[in-house]
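Scroll down for the structure; my scribbles are underneath it.
The values are calculated or read from the model by the stated rules, or taken from the named source; none is laboratory data. Computed from a prediction, not measured in an experiment: that's the story for all the values here. Cβ coordinates were reconstructed from backbone atoms using ideal geometry, including for glycine residues, and neighbour counts include every protein chain displayed.
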Amino acid sequence: MPGAEVAIVIGSRRDWDVMKSAAQTLQDFAVSYQAQVLSAHRTPAELVEFVRQAEAAGTKVFIAAAGMAAHLAGVVASQTVLPVIGVPLCSGELHGLDALLSMVQMPPGVPIGTVAVGQAGAINAALLAVAILGLQRPELLEALRKRRRQQAERILSEKLD
């Protein structure tokens, strides 16, 4: 039985408050996903096994969200050559800047596509995953075009008094 097209990995249950926006966006496009709480630091063996099992089951894109040191996306990327999208989350004294920098400063050879901090990043990560999947599923690209047209229409319909 095939697995979910996208795997969302979060470092803590509280991260779901932000990342459920990614899940909802994937649902809007009828893209299957699975979500799992795993820690790069506290459950490294289980994280490695999850990535291997997800890839074997047919996952095509990983979305990894974490705050603070944010090594989650890097550990996922170290275990697969599939696309990994990192979502930095706002936590700690630096309000997400530390997470953002740890994701965008990956060493050469282990890339992570990194999006904005927080909920905007969660939504954009899902949209990027849809675009990646759209390379094999043209109907997803058309759905993305439609969404963009609708966004443009909303902006153009706004009037100032």
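For the stretch 1-39, a residue qualifies if it is in contact with a helix residue (DSSP H, G or I) (Cβ under 6 Å, 6 or more places away or on another chain) and at pLDDT below 95, and the qualifying residues are Gly3, Gly11. When restricted to residues that are touching a Pro at 6+ places or on another chain (Cβ under 8 Å), farther than 19 Å from Trp16 by Cα and without any contact (Cβ under 8 Å) to a residue 40 or more places away in the chain, the stretch 111-156 contains 1. Take the conditions of a type in the set (Val, Ile, Thr) and either at pLDDT below 95 or surrounded by 15 or more Cβ atoms within 10 Å (Cβ to Cβ) (or both) and apply them to Val104. Does it pass? Yes: the conditions hold for Val104. For the stretch 59-76: of the residues being buried (at least 24 other Cβ atoms within 10 Å of the Cβ) and over 10 Å from the mean Cα position of the chain (by Cα), which is modelled with the lowest pLDDT? Step by step, filter the stretch 59-76, then rank; the result is Ala70. Look at the stretch 9-20: where a residue is in contact (Cβ under 8 Å) with a residue 12 or more places away in the chain and closer than 15 Å to Met68 by Cβ and a partner is among the hydroxyl-bearing types (Ser, Thr, Tyr) and surrounded by fewer than 22 Cβ atoms within 10 Å (Cβ to Cβ), sitting 6+ places away or on another chain with Cβ atoms under 6 Å, you get Gly11/Ser39.
Which residue out of Leu38, Leu82 is touching a Gly at 6+ places or on another chain (Cβ under 9 Å) and within 13 Å of Val9 (Cβ to Cβ)?
Details: Leu82 fails: touching a Gly at 6+ places or on another chain (Cβ under 9 Å).
Every option except Leu38 fails the conditions.
Considering only residues in the stretch 137-161 that are small (Gly, Ala, Ser) and within 16 Å of Leu127 (Cβ to Cβ), the one that is surrounded by the fewest Cβ atoms within 10 Å (Cβ to Cβ) turns out to be Ala152.
Which of the residues that make up the stretch 73-110 are of a type in the set (D, E, K, R) and touching a residue at least 24 places away in the same chain (Cβ under 8 Å)? Lay out the reasoning, then the answer.
Taking the stretch 73-110 and keeping what is of a type in the set (D, E, K, R), we get 93, 98.
Asp98, the sole residue that qualifies.
If you take just the helices (runs of 4 or more DSSP H) that sit entirely in the stretch 1-103, which of them hold at least 3 residues that are within 18 Å of Ile123 (Cβ to Cβ)? Give the derivation first.
On the way: elements: 16-28, 44-57, 72-78.
Where helices (runs of 4 or more DSSP H) fall fully within the stretch 1-103 and carry at least 3 residues being within 18 Å of Ile123 (Cβ to Cβ), they are 16-28.
Would a scan of the stretch 86-93 turn up a residue that is among the hydrophobic types (A, V, I, L, M, F, W, C) and modelled with pLDDT under 95? Yes, the stretch 86-93 contains at least one residue that is among the hydrophobic types (A, V, I, L, M, F, W, C) and modelled with pLDDT under 95. Against the test of being over 30 Å from Pro2 (Cα atoms) and part of a helix (DSSP H, G or I), the options Leu140, Leu156 yield a single qualifying residue, Leu156.
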